[in-house]
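Report on the following structure.
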Amino acid sequence: MSITQDQVVSIHYTLKDDAGEILDSSPEGKPLAYLHGHGNLIPGLERELTGKRAGDKLQVTVSPADGYGEYDQALVQRVPRRTLKGLANLTVGMRLQAQTGHAARAVTVTQIAGDLVTLDGNHPLAGKNLHFQVEVAEVRAATDAELSHGHVHGPGGHHH
């Protein structure tokens with residue numbers, strides 16, 4: 001069975017940056033399961049997996065435009081520390097939820113200088129080329145419940 005829209009696909013993967021540093025990988029012996037065609041993976045990786053079969057191995061390089069987007073300097077802001085009241089132990093690298101208008105956005109503390117805290121609303125992998133090594137472990141039809149929810153249930157997915 002080849003990978004098409006609405007298939008449940010299980011993959012083993014390793015993600016590296018341009019320098020070859022491992023950024024992420026599926027746990028040993030536990031592939032990641034996702035519902036193909038539902039935006040559960042970044043677009044560039046999902047597109048490369050279309051048509052592949054269980055047992056296929058591939059190397060995929062995904063540009064920022066097909067990954068987590070270009071780095072947007074407008075998403076970086078410096079705020080007075082007092083605006084982050086209730087957060088006594090701020091540290092660089094800390095991830096926070098910030099209210100921006102109507103939605104919450106994940107931000108990373110990138111600098112603390114005196115009373116000013118720099119918050120970066122870019123995804124940590126924005127602006128980076130992503131190098132994936134992928135092995136397709138399994139391809140199966142999705143259940144009606146998985147299709148209606150838009151994600152996988154059971155091993156490797158949600159609701160375990």
Qualifying residue in the range 94-107 (condition: over 28 Å from residue 10 (Cβ atoms), polar (S, T, N, Q), loosely packed, with under 12 Cβ neighbours inside 10 Å and at pLDDT 95 or above): no
Where residue 91 falls short, out of the listed (1) assigned to a loop (DSSP other than H, G, I, E, B); (2) within 17 Å of the chain's Cα centre (by Cα): (2)
Looking only at the range 39-60, and only at residues there that are out of contact with any Leu (no Cβ under 7 Å at 6 or more places or on another chain) and β-branched (Val, Ile, Thr), the one that is farthest from residue 9 (Cα to Cα): 42
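Residues are listed down the side, and each one gets a yes or a no for (1) among the hydrophobic types (A, V, I, L, M, F, W, C); (2) farther than 30 Å from residue 29 by Cβ:
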| position | (1), (2) |
| --- | --- |
| 97 | no, yes |
| 105 | no, yes |
| 113 | yes, yes |
| 132 | yes, no |
| 137 | yes, no |
| 149 | no, no |
| 155 | no, no |
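Count, please, the residues in the range 108-125 that happen to be farther than 28 Å from residue 7 by Cα and in a loop (DSSP other than H, G, I, E, B). Can you show your working first?
Quick first cut of the range 108-125, residues farther than 28 Å from residue 7 by Cα only: 108-122, 124.
Subsequent filtering for residues that are in a loop (DSSP other than H, G, I, E, B) retains 114-115, 121-122, 124.
Adding up the residues that qualify gives 5.
The values are calculated or read from the model by the stated rules, or taken from the named source; none is laboratory data. Just so we're clear, the structure is a prediction, and the values are computed from it rather than from any experiment. Ideal geometry is used to build each Cβ from the backbone, glycine not excepted, and the neighbour counts take in all protein chains shown.
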